[in-house]
Amino acid sequence: MSRANGITIKSTRELDYMREAGRISSQTKAVLKDAIRPGVTSRELDAIAEREIRSLGAVPAFKGLYGFPATICSSFNEEIVHGIPSRRRLEEGDIISIDLGAVVGGFYSDTAFTVGVGRIDEDSQRLIYATEESLRLAVEQTRAGHRVGDIGAAVQTYAEGLGYGVVRQYVGHGIGRSLHEDPSVPNYGTPGRGAQLRVGMTIAIEPMLNLGTWDTRVLDDGWTVVTADGSRSGHFEDTVAVTENGPEVLTA
C-alpha cells in the first residue's frame, strides 16, 4: 500500500483481498435477494447475512463498527440508509434497501441494493431502476485520470433529469483497510473537479435517490436516516477498483 495526496493506493495482494471480500459480499447479496418476501423480518435477513459471510471465511464489516449492532443495514420505504434490523416484517408493496460488507485479510468491501417486496407500484419500480442505472453511469466514470466530480456529475445529471432528489448529506467514500477512507465521493458535483483517480485506488460509489426532495433527517435511534418529506428512497452501492483497463467492480 502506498499513498497519494492522502489516498491509499492498493498493491496487487491488497486488491486480491478486496476481490475476495467483494465476492463474498456479492454472494451474500444473492442469498438475501432469494430470502426477501412478505412475512420475513429484517432481523431474520440479518441472521442470514451474518451466517453466509462467516461461512465463507469473512467477517461482517458493519457489526460493532462505530457501535452499529448488526451485520446489515435494512432500510424500508422512506428510510434511506443505516436502518437497524428489527422484528418488523416485510409487507407486500414495500421496498427495502440492504447495505452490507465483508472483511478479508483486514480489507473491506461495501455494497447495497434496493428491491421490491412482492408487487410494487410503478413509481417505486422506476425509482429502483433509476438508482441502479445511476450507479452504472457513475462506475463508467471511475477511470484513471478522471476526477471525483465526474462521478458525482454523472449521478446528478441523470437523476435530477428524471426529477429525483439526490441525497447530499450521505456520500460514497474510499475503502480499503478501513470501511471509510479518503476521498469522499458525493453523488453530485462538477466534471473535472475533486480528487483525481489513479490506478490502485478503491472507492465505494453509492447513489441514494429520493422520489421527493433530497433533504433528510435522522430518527431517534441515532442511526436510521429517512427522507424529510416521507417519500421513498433507493440505494445502490458497489466497491470499485481503478485499474489500467478501467473500472473493476469488486462487488458485482
Next on the checklist: If the only charges are +1 at each Lys and Arg Cβ and -1 at each Asp and Glu Cβ, what is the size of the charge dipole of segment 2-249 around the Cα centre, to the nearest 20 debye?
Outcome noted: 640
Next on the checklist: Need the full-extension length gain, SER86 to GLN169, defined as separation in residues times 0.36 nm minus the C-alpha distance. One decimal, nm.
Outcome noted: 27.4 nm
Item to check | Identified option (computed volume of the Cα convex hull per residue in Å³; candidates (1) 219; (2) 125; (3) 109) | outcome: (3)
Checklist entry - For segment 1-103, treating each Cα as an identical point scatterer without solvent, what Debye log10 I(q)/I(0) comes out at q = 0.10, 0.17, 0.24 1/Å? => result -0.32, -0.79, -1.24
Checklist entry - How big is the gap, in Å, between the Cα center of segment 23-67 and the Cα center of segment 129-182? => result 24
Item to check | Sorted by Cβ density within 10 Å, fewest first, the residues PHE113, PHE68 | outcome: PHE68, PHE113
Checklist entry - What are the ³J(HN,Hα) values, in whole Hz, obtained from phi via the Karplus relation 6.51 cos²θ - 1.76 cosθ + 1.60 with θ = phi - 60°, for each residue of segment 203-217 in sequence order, with x given for Gly and Pro? => result 9, 9, 9, 8, x, 10, 10, 10, 5, x, 7, 7, 6, 9, 8
Next on the checklist: If each residue of separation counts as 0.36 nm, what is the full-extension length gain between LEU56 and ASN245 once their alpha-carbon separation is subtracted?
Outcome noted: 65.1 nm
Item to check | Whole-Hz ³J(HN,Hα) from phi, Karplus 6.51 cos²θ - 1.76 cosθ + 1.60, for segment 169-175, glycine and proline x | outcome: 6, 10, 9, x, 6, x, 8
Checklist outcome for this item: Two pseudo-spin positions, 7 Å from Cα along C-beta at ARG193 and at ALA252, lie apart in nanometres by 3.1
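Values in this text are rule-based calculations from the coordinates and carry no lab data. Here the structure is a predicted model, which is why all the values come from computation and not from measurement. Neighbour counts run over all protein chains shown; Cβ positions are idealised from the backbone, glycine included.
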